[in-house]
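Structure record follows, encoded as structure tokens.
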Amino acid sequence: MSASAAAPFGGRALSVLIALGVLLMLGFLLISGFGNALTPANPLHPSATSRAAIGFAGVRDLVERLDLAGEDGDAIGDWDHPGLLILTPRVDTTPEQITDIITYRSSSELATLVVLPKWAVSPAEGNSDWAEGHGLLPIGSINAIFPQVDDGMRSTIGRTGPAETLGPEGFVLPATVQATPLDPFNETEARNTVVILTDHPGEVYLMTDPDLINNIGMKSAANAAAAIRLFGELSELSGPTEIAFDLSLPKGADERNLIQLMFTPPFLAVTIAVFAAALLAGLASANRFGPVRREARTVAFGKAALIDNIANLTRAAGRVTGGGSAYADAFRERMRTRLHAPPALDGDALDAWFDARHPTRRYSEIDRRLRAARTEAALLNAARDMHDWQREVQG
């Protein structure tokens with residue numbers, strides 16, 4: 001078989017296949033670890049990308065048109081936005097998820113606005129990208145996700161009419177307002193829809209009613225203008241007036257998994273070092289050192305190798321000593337032909353005729369030893385003496 005037939009792929013094709021396999025493996029790891037971050041948010045969740053009634057795509061588009069948009073946080077840990085970061089949690093978001101973000105930003109003296117959910121929705125029949133309303137969420141589920149900041153709030157969120165509510169300047173309040181006391185630590189104050197939860201740098205604000213800035217609220221030009229004015233006021237302590245939205249809470253982002261840790265700082269450097277070491281090891285082993293080492297044949301070429309194989313098979317079968325008589329008969333017939341012995345001679349008479357051909361070495365004695373040999377050494381010695389007798393007789 002030729003070398004080309006033994007190798008179905010050339011060196012270049014094999015390198016391409018290996019590189020493709022490595023890329024596919026890396027893609028699989030990234031999709032497995034960051035699939036949640038790469039998946040667009042469900043339009044039925046209160047996300048800045050949702051164009052459903054409860055979404056915030058309208059105000060996000062407004063911020064972008066006014067060139068006030070910052071970089072949205074698309075995964076856990078993207079919380080370093082220098083301006084105002086707006087959190088839009090789902091009804092099943094845990095308080096710990098919200099607290100992690102606002103605690104991180106407060107420690108960096110960055111402003112955060114938390115907008116609570118309000119409406120219960122499901123996919124509209126015939127179009128899963130649209131929301132079908134099912135009324136207000138239970139007030140208990142709203143209070144269940146309420147973030148606890150500093151010493152926590154001693155009051156709960158309630159619902160009331162616009163006449164009993166103090167809303168931010170310029171906003172048109174909805175018919176049913178979801179609000180909390182003006183001072184969340186004092187239940188005797190009037191209700192308000194935007195309150196401050198901290199009194200130190202890195203302030204955390206709470207907007208209890210999302211209808212002020214969601215797609216429902218953005219139908220009002222007054223609300224759009226008031227929202228931009230409010231965002232500017234809330235972000236004053238954080239520096240530039242840039243507004244960004246967190247996209248991880250609407251997706252229900254989970255904790256980082258092992259693959260995310262591999263490809264995010266500080267473990268990213270270790271991952272790069274490991275892959276670089278593997279690449280260098282592959283490159284070092286790609287070049288062959290010295291000539292190709294061929295595998296030895298099981299059965300060698302040539303008569304000598306064939307005879308050796310026959311001898312080995314005979315030895316393995318235990319038939320070596322049983323071949324003395326057959327060898328002696330074959331040798332006698334060969335010597336009869338070569339020495340032109342009389343055709344009528346046979347047996348002992350032929351052996352006597354052979355004895356007369358050599359003055360000192362008797363053929364009959366060697367023939368007897370060859371036929372009587374019971375060990376491999378004795379058989380070999382007798383065969384050698386027979387060969388020497390032939391050489392001396394023929395000259």
Matching residues, the stretch 10-22, being more than 10 Å from the chain's Cα centre (by Cα) and in a helix (DSSP H, G or I): Gly11, Arg12, Ala13, Leu14, Ser15, Val16, Leu17, Ile18, Ala19, Leu20, Gly21
Cβ contacts < 9 Å: first residue open to solvent by less than 20 Å² (accessible area, probe 1.4 Å), restricted to the stretch 210-228; second residue acidic (Asp, Glu), any location; separation 6+ or different chain. Result? Gly217/Asp209; Gly217/Asp211; Asn223/Asp211; Ala226/Glu169
Tally time: how many residues in the stretch 80-97 are modelled with pLDDT under 85 and open to solvent by less than 30 Å² (accessible area, probe 1.4 Å)? 2
Step by step: first the residues of the stretch 323-379, then only those that are within 15 Å of Gln390 (Cα to Cα) and of a type in the set (Val, Ile, Thr), then the one that is surrounded by the fewest Cβ atoms within 10 Å (Cβ to Cβ). Which residue is that? Thr360
Quick one: what pairs do we get from the stretch 1-29, first residue over 20 Å from Glu295 (Cβ atoms), second assigned to a helix (DSSP H, G or I) and modelled with pLDDT of 70 or more, C-beta under 6 Å, 6+ apart or different chains? Leu29/Ile259
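The values are calculated or read from the model by the stated rules, or taken from the named source; none is laboratory data. Since we're looking at a predicted model, the values are computed, not measured. For neighbour counting, all protein chains shown are included, and Cβ atoms are generated from backbone atoms with ideal geometry for every residue, glycine included. For the accessible areas, the whole protein counts, side chains as well, though only heavy atoms, and no ligand, DNA or RNA atoms are used. Shrake-Rupley method; radii C 1.70, N 1.55, O 1.52, S 1.80 Å.
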